[in-house]
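Please read the structure below before turning to the comments.
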Amino acid sequence: DTAVSQTPKYLVTQMGNDKSIKCEQNLGHDTMYWYKQDSKKFLKIMFSYNNKELIINETVPNRFSPKSPDKAHLNLHINSLELGDSAVYFCASSLRGQPQHFGDGTRLSIL
Amino acid sequence: EDQVTQSPEALRLQEGESSSLNCSYTVSGLRGLFWYRQDPGKGPEFLFTLYSAGEEKEKERLKATLTKKESFLHITAPKPEDSATYLCAGSTGANSKLTFGKGITLSVRP
């Protein structure tokens, strides 16, 4: 009965590859988010969707593309992975304006 | 630019030794100040939301307070299980965007 679940938990891949991370929430929330936490543990917002509409789109390379097929799912696709993309990516969800609930992260390592 | 600064970066306490964690913010149009706890290998876990100066909230050994420029997380008689990273975040805009501080890593020794 996990509230916000991300897959995979770990992702190790080569530079230049394309990969996707999936996120699902069963809390009935209408807003979902992607965050990046770098090696210094700094958590930064990347994207947010409300009812499948993109509402936050921070300055992120366009190699990163979010997709929300429905309110309960938000996926992140990354093209042409670079060394600097190594980080922990967190998905979160909330009712709009309410506290956000986070998944346990996807640890992405680029070789 | 919105900014959230937390201090100290790391804090080591003896079990039972009370202390406070500081979060100062320069966020235009603050809609809420959030505190989260993050354990190693886990996502942030929500603790408190504060909406206006003077507001206080409590949960077990934790109490969060808010002024116009700062928030404090007071930890009373901490236990080793309180060891974690504590994150502060300000919410702004119609889309409730969260700007996080870098966190304070708390270690409580038995």
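Report the per residue volume, in Å³, of the convex hull enclosing the C-alpha atoms of segment B:52-110.
Normalising the Cα hull of segment B:52-110 by residue number yields 98 Å³.
Taking the alpha-carbon set of chain B, what are its Rg and Dmax in Å?
Reported Rg and Dmax, both Å: 13.4, 44.
Given the options A:Met15, A:Ile45, A:Gly97, identify the residue whose Cα lies farthest towards the positive end of the charge dipole of chain A (+1 on Cβ of Lys, Arg; -1 on Cβ of Asp, Glu).
A:Met15
For the cross-link pairs A:Lys71/B:Lys69; A:Lys71/B:Lys68; A:Lys52/B:Lys69; A:Lys41/B:Lys79, which exceed 32 Å when the distance is taken from alpha carbon to alpha carbon?
A:Lys71/B:Lys69; A:Lys71/B:Lys68; A:Lys52/B:Lys69, as the Cα separations exceed 32 Å there.
Considering the Cα trace of the protein assembly as shown, what is its radius of gyration and what is Dmax, both in angstroms?
Cα radius of gyration and Dmax of the protein assembly as shown are 17.5, 51 Å respectively.
Going by how many other beta carbons lie within 10 Å of each one, how would you line up B:Leu66, A:Leu54, fewest first?
So the residues, fewest neighbours to most, are A:Leu54, B:Leu66.
Highest mean first, what order results for B:91-98, A:35-42 on Cβ atoms within 10 Å?
Put in order of decreasing packing, that is B:91-98, A:35-42.
State, to one decimal in nm, how far the label point of A:Asp30 lies from the label point of A:Leu83, with both points 7 Å from Cα in the Cβ direction.
Going by the 7 Å Cα→Cβ label model, 4.5 nm.
Going from the alpha-carbon gyration tensor of chain A, what semi-axes, largest first and in whole Å, does one get by taking the root of 5 times each eigenvalue?
Here the semi-axes work out to 22, 14, 13 Å.
Kindly state, as a whole number, the per residue volume in cubic angstrom of the convex hull around the alpha carbon atoms of segment B:1-65.
Each residue corresponds to 123 Å³ of Cα convex hull volume.
Can you give me the distance in nm between label points at B:Lys63 and B:Ser28, each placed 7 Å from the Cα along the Cα-to-Cβ direction?
Placing both labels 7 Å along Cα→Cβ, they lie 3.5 nm apart.
Values quoted throughout were computed directly from the atomic coordinates according to the rules given, and no laboratory measurement underlies them. Not measured: the values here are computed from a predicted model. Heads up, the Cβs are rebuilt from the backbone with ideal geometry, glycines too, and the neighbour counts pull from every protein chain shown.
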